[in-house]
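Take a look at the structure below.
The values are calculated or read from the model by the stated rules, or taken from the named source; none is laboratory data. Computed from a predicted model, the values in this text were never measured in an experiment. Methodologically, a virtual Cβ is constructed for each residue, glycine included, from the backbone with ideal geometry; neighbour enumeration extends over all protein chains shown. Remember, those area values only see protein heavy atoms, side chains included, never the ligands or the DNA or RNA. Shrake-Rupley method; radii C 1.70, N 1.55, O 1.52, S 1.80 Å.
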Amino acid sequence: MSQAPDNTKEKIALKGFGVPLQDLQTNMQGFDMFSDGLMNPAVPVPDGVVGRDGNPSEKRYGVYRNNVMASLIDAMAANFPAVHELVGRDYFRALAAEFIRKSPPEQPVLSEFGGKFSEFIGAFPPLADYPYLKDVAEMEWAWLRVYHGADATPLAPDALTKIDPAKLGDAVFTPIPAHKLIYSRFPLSEIWKQNRSENVEGVTPEADQAILICRPDMDVTLTGLAQDVAAFADLLFFGKTLGEAADVVSSSFKLFDLSQALGCLLSARVFASVHIKA
Amino acid sequence: MSAQRVNAKLPARGGVGLKADHYRTILNEKPDMGFFEIHAENYMGAGGPPHGYLEAIRRDYPLSVHGVGLSIGGADPLNKDHLARVKDVVDRYDPGLFSEHLAWSTHDTEYFNDLLPLPYTEVTLQQVVDHIDEVQTFLGRQMLLENPSAYVIFKESTYEETDFLREIVKRTGCGLLLDVNNVFVSATNSGGSPEDYVDRFPVEHVQEIHLGGHAPETDELGYPLLIDAHDRKVADPVWALYARTIDRTGPQPTLIEWDANIPTWEILAYEAEQADVVIQSHIEAHAKASEERSDHVSGA
């Protein structure tokens, strides 16, 4: 069964059948009141939520307030470990709490919570002197998406040798789903290494403007790309043929080396398949 | 791939919550463990290492899937997208059991990531029953409902929790997951007796037991306030309550929940072995008692 049978709808329509409307409304208000104070310590303990003496208990209701915020902050710290390292534990917890109050999760899968964190950091006035933090958060979010991305078998290293060299210019590459390309004017590879103890491969002074994050098998790999290679990769990911992509990039980057660029992307194993455009 | 898997049915033994920290140890050492339990929400990505490891572990061990995000006790309609994702996990891994909580975690559009308590009234009873009907219909299988840990008391409640659960089972045909640590925590926090709770519990519907550690605190009046922290060993009085529970339910798959300050594999596995010891001594005592009974009968 992949669909709920038709009678479910009818059942939902009958939900609360036999219960006076007044009681349903009172009940909904109860959930509203219990929810209101969970993320806001200024809201008093809801009426009727009591301790053993029958009076509202700040300490007892406070367990829920604490569980909610602490567990969501922990989830943010797990998703953004480098931001956590960079700003320190106390600052991170305060920052994450601000973010959570502004953009609380709207669904229960917490590895998918925090997509707006980099934007929030970028617009957070006290962090204006640390502009790289926004990019670090963006890279951590990209890493997470790649980590949980769909699995696919990357192209065999010899796949291109099976293509007629005369037709290579018409080759179209399909990337594996688990890939992201991140651009930054900051040395993210160095920040990453220091705060997440993971190396970005192939980084040179020239190849630090972009980082290719991909997961050809179980492990996420990071590859530093020079600007021209990153532009080339973007065009290929967009579905341009090898010839089209090479022409565009060559016109802007006089030193663009096609075979080196292609070799770099193939060894990162970011492509799942290749076909010749008819 | 599924043909290579061990049978889905959970044995009446100790099992543990599956943690990423232990993936490699489990795959390398293939420890003797009754079963593993996962939180469904941790396996909802499209792919990647969590699924890679879980597929491999599922080949060798039975699995229980425990949801923490359906908000069955809430006043809002269930999140259909989330229910569909739960079904994907259940369909993919063919667990022996699927369970969720008598609690809520979503209200309006906000997800609170905690198992929040509800008053036990005619209105909430009908809500929970409707939600369980919907889950069981959509998943095409029975679910177990777990008794919550509670820190507060609702003045408006008109049902005892054990009666509330009994009525839910009667109306939905769901099974029950009895969390013995939650019994101890809730009873202590409300000034009740954990033993009485277990004695009143509709044990004939129990298909799984949970055990976990709690943190002792006090409220502003000086009364004990136990926190269901899952961050330490199971407390001695909870083990004693567990033995009492097993005497009523008979041997059941028993999960050790340890979700924060996660210990080494050896320490976690040792806790599960303690559950095996309790189950084994129950079985032996039971066998001895029925032997004595039959001696008595034949001697009479």
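Quick notes
- Cross-link partners of A:Lys116 among lysines, defined as those whose alpha carbon lies under 25 angstrom from its own and excluding same-chain residues fewer than eight positions apart: A:Lys102, A:Lys134, A:Lys180, A:Lys193, B:Lys80.
- Computed [θ] at 222 nm, helices only, for the protein assembly as shown once each DSSP H run of length n ≥ 4 contributes -39500 (n - 2.57): -14000 deg cm²/dmol
- Remark: segment A:159-276 carries 50 Å² of accessible area per residue (probe radius 1.4 Å; ligands, DNA and RNA excluded).
- In order along segment B:11-26, the phi-based Karplus estimate (6.51 cos²θ - 1.76 cosθ + 1.60, θ = phi - 60°) of 3J(HN,Hα) comes to x, 7, 9, x, x, 9, x, 7, 10, 4, 4, 9, 3, 5, 4, 5 Hz; Gly and Pro are listed as x.
- Along its first, second and third principal axes, ordered by size, chain B spans 67, 51, 38 Å in Cα coordinates.
- Area buried, chain B against chain A - accessible surface, total, 1.4 angstrom probe, square angstrom: 5000
- Loop-located trypsin sites (Lys or Arg not before Pro) in segment B:226-300 (DSSP state other than H, G, I, E, B) with a sparse environment of at most 15 neighbouring Cβ atoms within 10 Å: B:Arg232.
- Sequence-distant aspartates and glutamates (8 or more away, or on other chains) whose Cα lies within less than 16 Å of A:Lys162: A:Asp170
- Taken one residue at a time, the phi angles of segment A:139-151 give Karplus couplings (6.51, -1.76, 1.60, θ = phi - 60°) of 5, 5, 5, 4, 4, 5, 5, 5, 4, 9, x, 5, 7 Hz. Gly and Pro are set to x.
- Largest-first principal axis extents, alpha carbons of segment A:20-148, Å: 53, 29, 24
- Along chain A, counting only chymotrypsin sites (Phe, Trp or Tyr not before Pro) with a DSSP assignment other than H, G, I, E or B and at most 11 other Cβ atoms inside a 10 Å radius, the longest segment between sites is A:18-237.
- Set of lysines near B:Lys155 by C-alpha distance (under 22 Å), chain-local residues within fewer than 8 positions excluded: A:Lys59
- Over the C-alpha trace of chain A, radius of gyration and Dmax come out as 25.7, 86 angstrom.
- Alpha carbon centroid spacing (whole Å) that separates segment A:74-120 from segment B:6-49: 28
- For segment B:1-81, trypsin sites (Lys or Arg not before Pro) meeting the loop criterion (DSSP other than H, G, I, E, B) and having at most 12 other Cβ atoms within 10 Å: B:Lys9.
- In sequence order, calculated HN-Hα J values of segment A:170-176 (Karplus, 6.51, -1.76, 1.60; Hz; x Gly/Pro): 9, 5, 10, 9, 9, x, 5
- Whole-number Å³ per residue for the convex hull built on Cα positions in the protein assembly as shown: 199
- The separation of segment B:81-156 from segment A:156-197, counted between C-alpha centres, amounts to 43 Å.
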